[in-house]
Amino acid sequence: MNYKKILITGSTGFVGSNLVEQLSKQYHLYCLYNTQQGFINQNISYIQQDFSKNIDTSKLPSDADCIIHLAANTDKNDDKSNLFQINTMSTLKLLEYGKTIGIKKFIFASTGGVYGYNSQPCDEESLVNPIDFYSLSKLESELLVKYYSKYYSTTILRLYFPYGIGQKKGIIPLLANKIRNKESIQIYKGNTPKTNPI
């Protein structure tokens, strides 16, 4: 990436903290967080923001040239208005903020859940069919990101169950802990859904 300063939301999450650790070796990062800070070095400035409330753009830098938006509420059982506020309204606010300060690039982390359940593997051309409000809120954000592509370059990533070293939540750590504890595990419930974690 040919950028000098990058703003990252969700910087203390699993994907975000790994990304911050790598990118901070080359770039100055503005890392937005809600409750806790993650990886720290001299190339990182942490900025607290609560996406369940309106984002205070006055606290955000005016010199970022790229935004990587990873923050999301993944609790599918949460109140719909809270899911919408955190997952969709925050995206709109950041897209407009990026337009105002003249960023070059906006990268948005969506979810493979926008496809719903399919009997065949999905690709970028597959039809979308979100089956829950979380996935719907991410799809709505995708539409907003596409709209703002007239102002700067945009990329949408549809992630399927990312996993790796240091992860504490998610299906892979859950299964690993059950195996360690010699508990019974169920891979498929009624043979669906079948997924391909990344």
Sort out for me the strands (runs of 3 or more DSSP E) sitting completely within the stretch 1-95 that have 3 or more residues that are closer than 23 Å to PRO162 by Cα.
-> 5-9, 28-33, 66-69
So which residues in the stretch 1-27 are closer than 14 Å to ASP65 by Cβ and among the charged types (D, E, K, R), if there are any at all?
-> LYS4, LYS5
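For every residue, the table says whether it meets (1) closer than 29 Å to LEU29 by Cα; (2) more than 18 Å from the chain's Cα centre (by Cα).
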| position | (1), (2) |
| --- | --- |
| ASN82 | yes, no |
| THR91 | yes, no |
| VAL114 | no, no |
| SER126 | no, yes |
Subset tally (residues that are within 19 Å of ASP63 (Cα to Cα) and surrounded by 17 or more Cβ atoms within 10 Å (Cβ to Cβ)) for the stretch 6-36 | 15
Would you be able to tell me the number of residues in the stretch 81-103 that are basic (Lys, Arg) and either more than 26 Å from TYR151 (Cβ to Cβ) or surrounded by 15 or more Cβ atoms within 10 Å (Cβ to Cβ) (or both)?
-> 1
Confirm whether PHE39 is modelled with pLDDT of 90 or more and under 19 Å from the mean Cα position of the chain (by Cα).
-> no
Assuming TYR117 fulfils every condition listed in (1) of a type in the set (Ser, Thr, Tyr); (2) loosely packed, with under 14 Cβ neighbours inside 10 Å; (3) part of a strand (DSSP E or B) apart from one, which condition is it?
-> (3)
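The values are calculated or read from the model by the stated rules, or taken from the named source; none is laboratory data. The structure displayed is predicted, hence computed values, not measured ones. Every residue, glycine among them, receives a Cβ derived from its backbone with ideal geometry; neighbour counts consider all protein chains shown.
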